[in-house]
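S.K.: Just passing along the structure, written as structure tokens.
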Amino acid sequence: MLAAWFALGFAPRAKAQLIQNEFPSDIPGYTPSLSASVVNRMLLEDEEQGVEFNSFVFRPTVSESGGYNTNALGVPGSGSALADTSASLRMNSDWTRDALGASLGVNNEHFFAEPVAGETTWSAAIGGALNLGNDTATLSYSHVVQDLTATDLGVAGVVAPVPYSVDDVRASYLKLFSRFSLTPAFDFQNYSFGRAGGAVPVNDDGLNHQIENGSLAARYEFSPGDAAVLILQVARAGFGFQPVSNYNDYAVFAGLDSRGDQLFQYRALAGFDSRRFTNAGISVNTPVFELDTVWTPTELDTATLTGYRSLDNPTSAFALNQTVTEFRLELDHELRTDVFLRADIGYGLSQETPFGAGVTSEQQRQVSFGLVAFWNLNRNMRASVSYSYASGTSNGQSNLLSRTGFSSFTDNTIIIGITFFE
């Protein structure tokens, strides 16, 4: 997924801390979305050959792009030309039973008029799957270095980008009983936040925390590719410098996972999440859901609708406990055998639960729109041009800051890029 986003030429401004979305679908242990759109198929098919060495396949990718962003810092007057350079390398085993995959990617974004808005991010992951007859065991590790920006959904009190890193270790074991399966899993994440640049550097290490998450997924396949799913989750988070944010979390999801029909595939889960902030003495209880659908009316067109509602982890010193809801609709079309088009529209809402009497909840809303065209120049080179629009508003008062939330922002970005891959 990391290489795919680089090739797109733009990235959505509203991003959640979803580690599994940072890696390609062939890293064992990191489960992606359905990703069956014509554009995603084009990206995967063109890169599937790679370079073979013994029983491994290597897929390098390098891209360079440039353009203009009208609002690099989320405040008026911060427009700037930009240059974006990225490279990635994926490795996968070519074994018949077990699997081993790894990914390494780096991205540098430079704003010429606003250097403080620049970001250098990178990620690495490795994962393996062991086939044990009808059962499968997976073990994986990843390290992600990213930045929080003022235009990210659910982030308040940020001007210059705030660097942070995530170390993630996860293990699972799928036990198959004919049509019924059970999958216990464990996930540990360590978040470390750094110091933002700018005229007044701010250290956000108070956000450092660890999350331990255990889950049990039950799946019953009532027809080939179609199944009922039940998921139970228990999580605990600890904040060394900000213990008011410590919590215990309990969630349950139930729904359907249908992938047997080539015309319409979907995963729809709904449930309930209860989070108790142990040191603050408050609880947050809310319905939650996850939706991932792909409609393929013709071989040349797909419509992909994704959405979720969840209790998010703290991503800003001024936004502690939020309920985040996001939807995104993507329309893909194969104009010619070597030209692909994508349009997307998104909506995001974050709502902060108040800590203490007399403090109102801060809300942030974002809408986004994007257009991108890909042109496969040859089997190793792809050009792209894109336009993206994002607008955000916030109101209410943050829990830890005696002032109203940020004013609205509008962001327009035009990018032209070229990608080389093997």
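S.K.: PHE222 is checked against (1) in a strand (DSSP E or B); (2) at pLDDT below 95; (3) surrounded by 14 or more Cβ atoms within 10 Å (Cβ to Cβ); (4) not polar (S, T, N, Q) and fails just one. What number does that condition carry?
M.R.: (3)
S.K.: Any idea how many residues of the range 156-184 are surrounded by 20 or more Cβ atoms within 10 Å (Cβ to Cβ) and in a strand (DSSP E or B)?
M.R.: Looking only at that region, the number is 5.
S.K.: Now for a separate question. Restricting to strands (runs of 3 or more DSSP E) lying wholly in the range 278-358: which have 3 or more residues that are over 22 Å from TYR389 (Cβ atoms), modelled with pLDDT of 85 or more and among the polar types (S, T, N, Q)?
M.R.: Output list reads 282-298.
S.K.: Let me ask something else. Looking at this structure, is ARG267 under 21 Å from the mean Cα position of the chain (by Cα) and under 17 Å from ILE231 (Cβ atoms)?
M.R.: The answer is yes for ARG267.
Table: residues versus (1) out of contact with any Leu (no Cβ under 6 Å at 6 or more places or on another chain); (2) assigned to a loop (DSSP other than H, G, I, E, B); (3) over 29 Å from GLY197 (Cβ atoms).
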| site | (1), (2), (3) |
| --- | --- |
| GLY66 | yes, no, no |
| VAL75 | yes, yes, no |
| LEU82 | yes, no, no |
| ASN131 | yes, no, yes |
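S.K.: Do we have TYR250 as over 25 Å from GLU334 (Cα atoms) and in contact with a Ser or Thr (Cβ under 6 Å, 6 or more places away or on another chain) here?
M.R.: yes
S.K.: Separate question: Before we move on, is PHE272 modelled with pLDDT of 95 or more and either within 30 Å of GLN364 (Cβ to Cβ) or among the β-branched types (Val, Ile, Thr) (or both)?
M.R.: Yes, satisfied.
S.K.: Separate question: Read through the list (1) more than 23 Å from the chain's Cα centre (by Cα); (2) assigned to a strand (DSSP E or B); (3) not aromatic (Phe, Trp, Tyr), then give the number of the only condition that GLY260 fails.
M.R.: Among (1) more than 23 Å from the chain's Cα centre (by Cα); (2) assigned to a strand (DSSP E or B); (3) not aromatic (Phe, Trp, Tyr), GLY260 violates only (2).
S.K.: A further question follows. Could you go through the range 186-200 and let me know if any residue there is assigned to a strand (DSSP E or B) and over 30 Å from GLU109 (Cα atoms).
M.R.: Checked the range 186-200: at least one residue is assigned to a strand (DSSP E or B) and over 30 Å from GLU109 (Cα atoms).
S.K.: Is it the case that the range 382-398 has a residue that's at pLDDT below 85, of a type in the set (S, T, N, Q), crowded, with 21+ Cβ neighbours inside 10 Å and in a loop (DSSP other than H, G, I, E, B)?
M.R.: Yes; the residues of the range 382-398 include at least one that is at pLDDT below 85, of a type in the set (S, T, N, Q), crowded, with 21+ Cβ neighbours inside 10 Å and in a loop (DSSP other than H, G, I, E, B).
S.K.: When the residues of the range 234-257 are narrowed to those that are touching a Gly at 6+ places or on another chain (Cβ under 7 Å) and surrounded by fewer than 19 Cβ atoms within 10 Å (Cβ to Cβ), which ends up farthest from GLN322 (Cα to Cα)? So that I can check it myself, show each step before the final result.
M.R.: Filtering the range 234-257 for residues touching a Gly at 6+ places or on another chain (Cβ under 7 Å) gives 234, 241-242, 246, 251-254.
Those still in the list that are surrounded by fewer than 19 Cβ atoms within 10 Å (Cβ to Cβ) too: 234, 241-242, 246, 252, 254.
Numbers: VAL234: 18, PHE241: 19, GLN242: 16, ASN246: 14, VAL252: 18, ALA254: 22 Å.
Within the range 234-257, the match that is farthest from GLN322 (Cα to Cα) is ALA254.
S.K.: Within the range 185-203, restricting attention to residues that are over 19 Å from the mean Cα position of the chain (by Cα) and not small (Gly, Ala, Ser), which residue is surrounded by the most Cβ atoms within 10 Å (Cβ to Cβ)?
M.R.: For the range 185-203, the residue satisfying everything is VAL202.
The values are calculated or read from the model by the stated rules, or taken from the named source; none is laboratory data. The shown structure was predicted, so the numbers you read here are calculated from the model rather than taken from an experiment. Note: ideal-geometry Cβ built from the backbone for every residue, glycine included; neighbour counts use all protein chains shown.
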